[in-house]
1. Is one or more of the residues making up region 150-158 more than 14 Å from the chain's Cα centre (by Cα) and among the aliphatic types (A, V, I, L, M)?
2. Quick one: which helices (runs of 4 or more DSSP H) lie wholly within region 221-325 and hold at least 3 residues that are in the same structural domain as VAL388 (by TED's automatic domain parsing) and under 22 Å from GLY361 (Cα atoms)?
3. Is there a residue being of a type in the set (A, V, I, L, M, F, W, C), without any contact (Cβ under 8 Å) to a residue 24 or more places away in the chain and under 24 Å from VAL76 (Cβ atoms) anywhere in region 332-351?
4. Please specify each residue of region 387-405 satisfying the condition of being surrounded by fewer than 17 Cβ atoms within 10 Å (Cβ to Cβ) and either more than 14 Å from ILE330 (Cα to Cα) or not assigned by TED's automatic domain parsing to the domain that holds CYS296 (or both).
5. With respect to LEU194, is the statement that it is touching a residue at least 12 places away in the same chain (Cβ under 8 Å), within 13 Å of LEU56 (Cβ to Cβ) and more than 16 Å from the chain's Cα centre (by Cα) true?
6. Would region 53-70 turn up any residue that is within 15 Å of LEU198 (Cβ to Cβ) and either touching a Leu at 6+ places or on another chain (Cβ under 9 Å) or not assigned by TED's automatic domain parsing to the domain that holds GLY270 (or both)?
7. Looking at PRO206, PRO210 in this structure, which one is modelled with pLDDT under 90, more than 23 Å from GLY242 (Cα to Cα) and surrounded by fewer than 22 Cβ atoms within 10 Å (Cβ to Cβ)?
8. Against the definition (within 30 Å of VAL250 (Cα to Cα), touching a residue at least 40 places away in the same chain (Cβ under 8 Å) and surrounded by fewer than 16 Cβ atoms within 10 Å (Cβ to Cβ)), how does LEU359 come out, yes or no?
Amino acid sequence: MTEEAPQGAEHSMSVTPLSGTGAAPIPRGIQFPVFVAAATCAFAGVWMSVPLASVLLTERGASPALVGLYAASVWVAALLAAPLSPWLAGRVGGALRMHQLAVVLSMLALAGLGTNPAIPLWFVLGSVLGVASCLTWTSSDAIAGAMAPVGREGQFLGIYQTFVSAAIGGGPAALWFFGVRNEAFLGSALIMGLGLALTLALCEPPGAVPRRMRLTFLRLRPVALMMIAPSGAAMLCGALEGSAGAVFPVQGLALGMAAAAAASVVVATGFGNMLAQYPVGMMADRLGTHRALLGCAVVVAVGSLLWPWLAPGWGIWPVLAVWGGAAGSIYTLGMVRAVQRFAGPARALGMAGLNTAYLLGGALGAPLGGLLLESVPGWGLPVALAAVALGGGLALSVAALRRGG
């Protein structure tokens with residue numbers, strides 16, 4: 001069921017949407033695929049640097065705790081930057097301009113890491129990279145949402161998320177070409193530079209971000225109420241994917257899988273995530289986001305219980321792929337819901353809330369998953385994930401049916 005946003009939500013902020021400042025160098029009809037290509041380069045460059053940093057720090061003699069602390073500094077910086085992204089976009093001249101500036105800032109941070117700096121500078125540059133990559137992400141989501149035509153949001157955002165998922169999963173594979181060395185950070189910057197060049201052929205889509213934003217409680221309240229389902233979906237997805245990325249390989253080892261196979265668990269879930277985005281987006285357009293959310297939650301719950309039972313046999317791989325597709329699609333459905341419910345300037349706040357909720361879910365999911373695996377070995381984690389998926393999916397589906405959800 002698709003509902004129109006309440007009138008008060010669309011006009012709850014005194015803002016003026018940005019529009020293109022002039023004719024775009026390319027026709028509007030092909031701006032969306034060009035932007036998707038640019039965003040793919042940006043995400044691939046950032047995610048290529050994630051495993052590279054971990055390996056290089058370890059080779060320098062850093063302890064696992066220090067490597068984890070570096071990763072945490074990147075995520076915390078991103079989490080702090082996400083709520084500020086609409087305001088920053090309005091200050092710099094729009095979502096597209098912020099995207100370009102954030103990519104440049106990411107490239108500078110990556111170039112700094114490529115010089116093999118002292119350990120304290122790793123944390124400084126990592127925090128800068130966290131802020132810049134978060135702003136790249138939030139601006140990309142806002143632009144993609146503004147470009148999606150009414151009634152086909154699921155299909156267009158499904159295409160966008162398919163390529164984003166491919167970039168996140170395939171970015172680290174570029175290390176096979178660049179090699180695991182400090183100079184590979186320059187390769188990450190080069191990939192992002194290719195995406196930056198593509199954005200020069202685009203113009204700011206109308207309604208992606210407000211030019212100015214004056215926030216009060218009365219203006220934020222209707223937006224917050226309508227973000228219950230979208231942000232809840234994003235947080236649920238973040239918790240599931242954060243737990244899977246951090247804990248599933250460890251669980252695989254405990255279930256008797258070889259080390260290489262256990263490490264490949266995340267590859268299987270990422271592959272399924274990439275394949276599921278467009279079909280689930282189409283399902284949301286045809287059946288409604290509330291039904292699609294509930295369906296994905298049920299699939300996640302069943303998969304959470306099924307794959308440990310099948311391990312270490314070959315049957316786990318299709319189950320993990322389906323699990324990853326359903327879990328990752330929950331975020332896409334939250335994004336579709338936000339685009340459907342918000343118009344114009346309110347959408348910028350919606351997208352920022354979506355990204356913040358995902359980051360918060362990931363920050364909570366990984367440590368809680370590890371705690372469960374350690375304190376309740378065996379079926380503790382699978383049962384907990386199934387319960388969270390079912391309970392969260394049902395609650396979000398009901399919220400999506402309501403006017404405020």
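The values are calculated or read from the model by the stated rules, or taken from the named source; none is laboratory data. Since this is a predicted model, take the numbers as computed values, not measurements. In this analysis, Cβ positions are derived from the backbone assuming ideal geometry, glycine residues included, and neighbour counts consider all displayed protein chains.
1. yes
2. Fully inside region 221-325 and qualifying: 228-254, 265-287, 289-310.
3. no
4. Hits for region 387-405 are ALA387, VAL398, LEU401, ARG402, ARG403, GLY404.
5. Values: touching a residue at least 12 places away in the same chain (Cβ under 8 Å): yes; within 13 Å of LEU56 (Cβ to Cβ): no; more than 16 Å from the chain's Cα centre (by Cα): yes.
No, not satisfied.
6. No, region 53-70 contains no residue that is within 15 Å of LEU198 (Cβ to Cβ) and either touching a Leu at 6+ places or on another chain (Cβ under 9 Å) or not assigned by TED's automatic domain parsing to the domain that holds GLY270 (or both).
7. PRO206
8. no
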